[in-house]
Amino acid sequence: MKALAIAILATSLVACASTPTVKTDYDNTANFGAYTTYSWAITPQAGSPLVQQRIVDGINRRLQAKGLRLTPQGGDIALAAHIITAQKQTLDTFYSGSGMGGWGWRGGWGGGMGMGSATTTVHTYDVGTLVVDMFDARTKQAVWRGTASGTVPSSPEKVNAAVDAGLDKLFAAYPPGAAAAR
């Protein structure tokens, strides 16, 4: 029974890690069709320069696939991205024994309280959030914001997969009003 509970917990944690929570917001008066170029104002600072470069490259690929062209400076959109990490904890308690009396081995009802035990395990994990802001470079007004948040995996391969999944989901409906990605 305990093994089953641990297996279910592990499966749910893996599912959470592969499905980032994504939120987007935008200025509904902005003319996204008028934006053809973008420039980086602030690139994200990650703990690993490799992860940082993968995020920048991933954002560039997705924006270029949407028809935007990267320029070193002076783009129609100024792009700013930030990474925030925080440690979280969960407490998992497993109980064994009912703590109550039960049917006795000699055919009678056992009275009184039985002994039960509880084991609590603390799980510490990191949650990472990528925030991408777009500003109209001419007016200096914010026009779009996207956030992707999820559990940070422990292996580089899983980090790369989580970054790709988060970016895919983040830019699926960009620009606003366009059909969602397949």
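The values are calculated or read from the model by the stated rules, or taken from the named source; none is laboratory data. For clarity, every value in this text was computed on a predicted model and none was experimentally measured. FYI the Cβ positions are ideal-geometry reconstructions off the backbone, even for glycines, and counts take in every protein chain you see. Ligands, DNA and RNA are stripped out before the accessible areas are found, and what is left, the full protein with its side chains, is counted by its heavy atoms. Shrake-Rupley method; radii C 1.70, N 1.55, O 1.52, S 1.80 Å.
General observations
- The set of residues in segment 45-75 that are surrounded by fewer than 19 Cβ atoms within 10 Å (Cβ to Cβ) and not in a helix (DSSP H, G or I) comprises Q45, G47, S48, K66, G67, R69, L70, T71, P72, Q73, G74.
- For segment 28-44, the candidate set comprises residues that are in a loop (DSSP other than H, G, I, E, B) and under 28 Å from V127 (Cβ atoms); within that set, the residue that is most open to solvent (accessible area, probe 1.4 Å) is T43.
- Subset of segment 87-99 that is at negative phi and surrounded by 11 or more Cβ atoms within 10 Å (Cβ to Cβ) - its residue that is modelled with the lowest pLDDT: S98
- Residues that are in a strand (DSSP E or B), at pLDDT 90 or above and of a type in the set (D, E), drawn from segment 122-161: D133, D136
- Note on segment 136-147: residues that are closer than 27 Å to A162 by Cβ and surrounded by fewer than 18 Cβ atoms within 10 Å (Cβ to Cβ) total 2.
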